[in-house]
Amino acid sequence: MQNPIQLIGRATLGLFSEIGRLAVFAGRVKGAALTPRWYGGEILRQMVRIGFYSLPVVGLAAVFIGAALALNIYEGGSRYGAEQFVPSIVVLGITRELGVVITGLMLAGRVSAGIAAEIGAMRVTEQIDALETLSASRYRYLYAPRFIAALITLPVLVALADIIGVMGGWLVSVYGLDFDSTVYLRNTLDFVTTNDILAGLIKAVVFGGVIAIMGCYQGDRSQAGATGVGRAATLSMVGAAVLILAFNYVMSTLFVEIGL
Amino acid sequence: MTHPLLRLEGVEKTFGRNQVLRGVDIDVARGQSLVIIGGSGSGKSVMLKTALGLMTPDKGTIFFDGDDVTQATGKAREKMRARIGMLFQSGALFDSLTVWENVAFRLINSEGMRRKDAKERAIETLKKVRLGPDVGALYPAEISGGMQKRVSLARSIISEPDLIFFDEPTTGLDPITADAINDLILEMVRGLGAAAVTITHDMASARKIADEIAMLYEGQIIWRGPAKDVYASGNEYVDQFVNGRAEGPIQPAL
């Protein structure tokens, strides 16, 4: 039996080697995405799959988050007579944090796990080997298009989630909390700044990269059989979700420091 | 002086504690059809993937057309693979592409051919493997296992390679379809004048398509000779294998 120090040492080495492998993989995908040749058809196909097909789930999540946020802020604010801050706090919370984080987490489940399962299945059915024998790099043909598509579509989805989330807050405030519609919207537009929106969109680009890289990485490393593919999907979803939350904190701290 | 098209010298490959290849020496000449037989777990697929550059050997050297390609990467690897076709055991057709797009994949994505021209070539090649143009528009999931093998065969020959690898081409097929695939392999290989390396444990297939047969056992080539001599090899391992006997020096993989 190993002593605890050995176990800790082994786990630490394992963690660092995993981080190293992931970093090398991410570097290769980024290299393939930044240099020709690009597969335009594949990029478009992935943009539809990652972006367009995620619209319903992102829209629904955003409207409910916005609505719940408005209710909670109203409830908390009413204790200090600060109900009038509902529009400003809703728009700030949605644009800087909740819109992008919720979209990221939803896509970690829908997209990252989907990519991992698809690539994992391709790995175990020898389709990736076939790709290589046909002189097509898997980094260029499979991974770079997904990476590029996620980088482009995530900010668009987040911008839409921001609008829908704010409208969710507006719906509850106007029809449930007796706010005046015009005043609510004017307060929202007066309070939100370009920096608030920009902060969310910058995070969206990073989260897009995380979602695509984690899906491709776990799929590429998938072990044989249904269990291996299932495990790849689970690991990609969990890994992407944890990294999104960690990067969100780091970037929020950085944005506060630089005044964004 | 002529050299073999493909030559493996002392190739070794280990996974963890399992040494799969223990110094494989083998060569294939232009136009020659070599069949490698061997039981499950004897290292046939690993040898094929190593020869293709999908795995890097731990030791040994691989020569393709006289060039050392053991550690080849990038353009050198692509140049080699452009001259090689491969039929995978599972077919390995891309699910998301139609049959004709699968067949024309190399032409469109590696050689940069226009889709319209590539489609014409794919339909012509499908005809060679007895599949009509209507099949071209279907997806792999919509056709039978035998048809998938034929599509995979069409994909492996479309760019007229110098060397074709066949990984268990008849596994999972009924005897009639398997024989039809053997006929197609012979026809395609002879028609192209290509060298062929086939790994199989189907002896009917081996006898039909091989000029020479080699047997891989515990990661080494233990016998090689003309296909007609395989039933009189004088090697007890080969005898047991080709006659399908449970008793003998080879322990069944149970």
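For a quick check of your reading of the model, give me the residue pairs whose first member lies in the stretch B:79-95 and is in contact (Cβ under 8 Å) with a residue 24 or more places away in the chain and within 7 Å of chain A (Cβ to nearest Cβ), whose second is outside any loop (DSSP other than H, G, I, E, B) and of a type in the set (D, E), with beta-carbon atoms closer than 8 Å and at least 6 apart or on different chains.
B:R81/A:E132; B:M86/B:D167; B:F88/A:D129; B:F88/B:D167; B:A92/A:D129; B:F94/B:E101
Within the stretch A:177-199, is there a residue that is part of a helix (DSSP H, G or I), within 14 Å of chain B (Cβ to nearest Cβ), modelled with pLDDT of 95 or more and buried (at least 17 other Cβ atoms within 10 Å of the Cβ)? Spell out the reasoning first.
Residues of the stretch A:177-199 part of a helix (DSSP H, G or I): A:181-191, A:194-199.
From the residues that got through so far, the ones that are within 14 Å of chain B (Cβ to nearest Cβ) too are none.
No - not one qualifying residue is present in the stretch A:177-199.
Just for the stretch A:115-156: of the residues that are in a helix (DSSP H, G or I) and without any contact (Cβ under 8 Å) to a residue 24 or more places away in the chain, which one is farthest from the other protein chains (Cβ to nearest Cβ)?
Taking the stretch A:115-156 as the starting set, the residues that turn out to be in a helix (DSSP H, G or I) are A:115-124, A:127-133, A:138-156.
With the extra rule that they be without any contact (Cβ under 8 Å) to a residue 24 or more places away in the chain, the set shrinks to A:127, A:129-133.
Numbers: A:Q127: 5, A:D129: 5, A:A130: 4, A:L131: 8, A:E132: 6, A:T133: 4 Å.
The qualifying residue farthest from the other protein chains (Cβ to nearest Cβ) is A:L131.
Among the residues of the stretch B:144-171, which ones are among the hydrophobic types (A, V, I, L, M, F, W, C), outside any helix (DSSP H, G or I), more than 11 Å from every other protein chain (Cβ to nearest Cβ) and touching a Lys or Arg at 6+ places or on another chain (Cβ under 9 Å)?
Once the filter is applied, which keeps residues that are among the hydrophobic types (A, V, I, L, M, F, W, C), outside any helix (DSSP H, G or I), more than 11 Å from every other protein chain (Cβ to nearest Cβ) and touching a Lys or Arg at 6+ places or on another chain (Cβ under 9 Å), the stretch B:144-171 yields only B:L163.
Residues are listed down the side, and each one gets a yes or a no for (1) among the charged types (D, E, K, R); (2) under 22 Å from A:V124 (Cβ atoms); (3) in contact with an Asp or Glu (Cβ under 9 Å, 6 or more places away or on another chain):
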position: B:G10; (1), (2), (3): no, no, yes
position: B:G31; (1), (2), (3): no, no, yes
position: B:S42; (1), (2), (3): no, yes, yes
position: B:D58; (1), (2), (3): yes, no, yes
position: B:D65; (1), (2), (3): yes, no, yes
position: B:K75; (1), (2), (3): yes, no, no
position: B:R81; (1), (2), (3): yes, yes, yes
position: B:F88; (1), (2), (3): no, yes, yes
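Taking the stretch A:159-212, which residues are within 23 Å of the chain's Cα centre (by Cα) and of a type in the set (F, W, Y)?
As a first pass, look at the stretch A:159-212 and keep what is within 23 Å of the chain's Cα centre (by Cα): A:159-169, A:192-212.
Selection gives A:F207 alone.
Only residues that are under 16 Å from B:K149 (Cα atoms) and either more than 13 Å from every other protein chain (Cβ to nearest Cβ) or in contact with a strand residue (DSSP E or B) (Cβ under 6 Å, 6 or more places away or on another chain) (or both): list them for the stretch B:100-121, please.
B:W100
Considering only the stretch B:47-61, state which residues are touching a Lys or Arg at 6+ places or on another chain (Cβ under 7 Å) and either more than 14 Å from chain A (Cβ to nearest Cβ) or loosely packed, with under 14 Cβ neighbours inside 10 Å (or both).
Of all residues in the stretch B:47-61, those touching a Lys or Arg at 6+ places or on another chain (Cβ under 7 Å) come to B:50, B:53, B:55, B:57-58.
Passing the criteria: B:P57, B:D58.
B:R130 fails exactly one of the following numbered conditions: (1) in contact with a Pro (Cβ under 6 Å, 6 or more places away or on another chain); (2) modelled with pLDDT under 95. What is the number of that condition?
(1)
I want to confirm something. Restricting to the stretch B:12-46 and keeping residues that are within 13 Å of the chain's Cα centre (by Cα) and within 14 Å of chain A (Cβ to nearest Cβ), which single residue is modelled with the highest pLDDT?
B:V46
Out of A:V210, A:V206, A:V174, report the one residue that is β-branched (V, I, T), away from chain B (no Cβ under 14 Å), over 21 Å from A:I19 (Cβ atoms) and surrounded by 17 or more Cβ atoms within 10 Å (Cβ to Cβ). Break it down into steps so the answer makes sense when it comes.
Working: A:V210 fails: over 21 Å from A:I19 (Cβ atoms); A:V206 fails: over 21 Å from A:I19 (Cβ atoms).
Criteria check complete, one pass: A:V174.
Looking at (1) of a type in the set (V, I, T); (2) without any contact (Cβ under 8 Å) to a residue 12 or more places away in the chain; (3) more than 22 Å from A:A116 (Cβ to Cβ), can you tell me which one A:I73 breaks?
(2)
Test B:L138 against the criterion of being assigned to a loop (DSSP other than H, G, I, E, B), among the aliphatic types (A, V, I, L, M) and more than 10 Å from chain A (Cβ to nearest Cβ), and give yes or no. Even if it seems obvious, please write down each step before you answer.
Details: assigned to a loop (DSSP other than H, G, I, E, B): yes; among the aliphatic types (A, V, I, L, M): yes; more than 10 Å from chain A (Cβ to nearest Cβ): yes.
Yes.
When the stretch B:154-166 is examined, which residues are found to be of a type outside the set (F, W, Y) and touching a helix residue (DSSP H, G or I) at 6+ places or on another chain (Cβ under 6 Å)? Show your work before the answer.
Pass one, the stretch B:154-166, residues of a type outside the set (F, W, Y): B:154-164.
Result: B:A154, B:R155, B:I157, B:I158, B:S159, B:E160, B:I164.
Can you find a residue that is out of contact with any Pro (no Cβ under 8 Å at 6 or more places or on another chain), within 30 Å of B:D167 (Cβ to Cβ) and in a helix (DSSP H, G or I) anywhere in the stretch A:70-87? Quick ask: steps written out before the conclusion?
So in the stretch A:70-87, the residues out of contact with any Pro (no Cβ under 8 Å at 6 or more places or on another chain) come out as A:70-87.
Imposing the further condition that a residue be within 30 Å of B:D167 (Cβ to Cβ) reduces the set to none.
No, the stretch A:70-87 contains no residue that is out of contact with any Pro (no Cβ under 8 Å at 6 or more places or on another chain), within 30 Å of B:D167 (Cβ to Cβ) and in a helix (DSSP H, G or I).
Look at B:E168 and say whether it is among the charged types (D, E, K, R), in contact with a strand residue (DSSP E or B) (Cβ under 6 Å, 6 or more places away or on another chain) and either touching a residue at least 60 places away in the same chain (Cβ under 8 Å) or under 24 Å from A:S137 (Cα atoms) (or both). Give the derivation first.
Details: among the charged types (D, E, K, R): yes; in contact with a strand residue (DSSP E or B) (Cβ under 6 Å, 6 or more places away or on another chain): yes; either touching a residue at least 60 places away in the same chain (Cβ under 8 Å) or under 24 Å from A:S137 (Cα atoms) (or both): yes.
Here the answer is yes, as B:E168 does meet what is asked.
The values are calculated or read from the model by the stated rules, or taken from the named source; none is laboratory data. Bear in mind the structure is a predicted one, so any value in this text is a computation, not a measurement. Positions of Cβ are backbone-derived with ideal geometry, glycine not excepted, and every protein chain shown enters the neighbour counts.
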